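K.L.:
Next up is a structure, given as structure tokens.
The values are calculated or read from the model by the stated rules, or taken from the named source; none is laboratory data. If you're wondering where the values come from, they're calculated on a predicted model, not measured in any experiment. When we count neighbours, we look across all protein chains shown, and the Cβ atoms used for this are built from the backbone with ideal geometry, even at glycine.
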Amino acid sequence: MKIGLIILVVLGGVVLLVWLGLKIEPGPLPPYPGEEGEVKYIPLPKDLPAPVDRFYREVYGEEIPQIDSIVITGKARLRVNGITFPGRFRFTHQTGKDYRHYIEATIFQLPLMRVNERYLDGVSRMELPFDITEGEPKINQAANLALWAEAMWFPSIFLTDPNVYWEEVDDTSAILVVPFDDAEERFQIDFDPDSGLLSRMESMRYKEAESQDKTLWINIPLEWEEVDGYMIPSTGAVRWEDENSPWAVFRVDELVINSDIREYIRAVGP
């Protein structure tokens, strides 16, 4: 009886300790080593669908920044096997072409799991502690959608990339058409009727390399505010339609625009 009680107390203490560790947010990643580059501007294009035109006027005004590269750093909440971990991330984009993701899930501010993921030259590679996946066609499709969905942090690319275009739907939504290999993918984009800001991005994405069908994938800005001089969705959630809650919530702390990332995007780690 006493042994059983001791075991229960010890298990309770372990659970409490883990719970406390998961409540502690990690510190920031090491500073990105590069410098910001020059930003040029183009006029806001004419003849955009009405909600798209309103959105860009709210975010940028009459001039659209030409963002060729961006390094996005921040904190996250990440659900892994039903457990939500605090985390931190750095996403590096050669906009409209390539990306590299570095993500840490932490406990007591210490990295418990590191993710190195990239989509370079149209080929995806994901390095997890327990597996490596590379070049799978369905994961390439998923990675390409991530490339464009994350552009909600730099939506000027939807106007400055000649391979991207908008299709009119109604007063509060539009279709965003983006390239994928020799084909195209589509996002349903919804805009808030009051603020005019982007409120939801939906697309059909493969979950796994073995998935037989695509699943509706949803990106939701939770808060818009200015970060380093740019109006962006500073906090956003990502979830699948067949799950009850987001698997990730990202909060952006820093943007570095038009830095020379040619070597950095092919590196590993933060």
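K.L.:
For region 17-92, give me every one of the strands (runs of 3 or more DSSP E) that falls completely inside it and has 2 or more residues that are without any contact (Cβ under 8 Å) to a residue 60 or more places away in the chain.
P.N.:
Working: elements: 40-43, 63-66, 69-80.
Where strands (runs of 3 or more DSSP E) fall fully within region 17-92 and carry at least 2 residues being without any contact (Cβ under 8 Å) to a residue 60 or more places away in the chain, they are 40-43.
K.L.:
Within region 187-212, count every residue that is surrounded by 15 or more Cβ atoms within 10 Å (Cβ to Cβ) and among the charged types (D, E, K, R). Don't jump to the end; show me each part of the working.
P.N.:
Filtering region 187-212 down to residues surrounded by 15 or more Cβ atoms within 10 Å (Cβ to Cβ) leaves 187-192, 196-207, 209.
This time we only want the ones that are among the charged types (D, E, K, R), so: 190, 192, 200, 202, 205, 207.
So the count comes out to 6.
K.L.:
Taking ALA237 as meeting all but one of (1) at pLDDT 95 or above; (2) within 19 Å of the chain's Cα centre (by Cα); (3) within 20 Å of LEU29 (Cβ to Cβ), write down the number of the exception.
P.N.:
Unmet condition: (3).
K.L.:
Something else about it: Report whether or not LEU78 is at pLDDT 95 or above, more than 19 Å from ILE265 (Cβ to Cβ) and under 20 Å from the mean Cα position of the chain (by Cα). It would help to see each step written out before you state the result.
P.N.:
On the way: at pLDDT 95 or above: yes; more than 19 Å from ILE265 (Cβ to Cβ): yes; under 20 Å from the mean Cα position of the chain (by Cα): yes.
In short, yes.
K.L.:
Which members of region 124-138 meet the condition of being under 18 Å from the mean Cα position of the chain (by Cα) and either at pLDDT 95 or above or at positive phi (or both)? Talk me through it step by step, then tell me what you get.
P.N.:
Residues of region 124-138 under 18 Å from the mean Cα position of the chain (by Cα): 124-128.
SER124 - this is the single residue of region 124-138 that is under 18 Å from the mean Cα position of the chain (by Cα) and either at pLDDT 95 or above or at positive phi (or both).
K.L.:
Still on this structure: Sort out which residues of region 142-176 are buried (at least 20 other Cβ atoms within 10 Å of the Cβ), among the polar types (S, T, N, Q) and touching a Phe, Trp or Tyr at 6+ places or on another chain (Cβ under 6 Å), and write them in order of number.
P.N.:
ASN144, the sole residue that qualifies.
K.L.:
Please indicate, with yes or no, whether at least one residue in region 192-200 is basic (Lys, Arg), touching a residue at least 24 places away in the same chain (Cβ under 8 Å) and farther than 23 Å from ASP68 by Cα. Walk me through it before giving the result.
P.N.:
Narrowing region 192-200 to residues basic (Lys, Arg): 200.
Then keep just the ones that are touching a residue at least 24 places away in the same chain (Cβ under 8 Å); that gives none.
Within region 192-200 (the criterion being basic (Lys, Arg), touching a residue at least 24 places away in the same chain (Cβ under 8 Å) and farther than 23 Å from ASP68 by Cα), the answer is no, since none of the residues qualifies.
K.L.:
Restricting to region 234-254, name every residue that is in a loop (DSSP other than H, G, I, E, B) and either in contact with a strand residue (DSSP E or B) (Cβ under 7 Å, 6 or more places away or on another chain) or touching a residue at least 24 places away in the same chain (Cβ under 8 Å) (or both).
P.N.:
Going residue by residue through region 234-254, those that are in a loop (DSSP other than H, G, I, E, B) are 241-247.
Within region 234-254, GLU241, ASP242, SER245, PRO246, TRP247 meet the criteria.
K.L.:
Looking for something aromatic (Phe, Trp, Tyr) and within 25 Å of PRO43 (Cα to Cα) - is there at least one such residue anywhere in region 171-187?
P.N.:
Yes, region 171-187 has at least one match.
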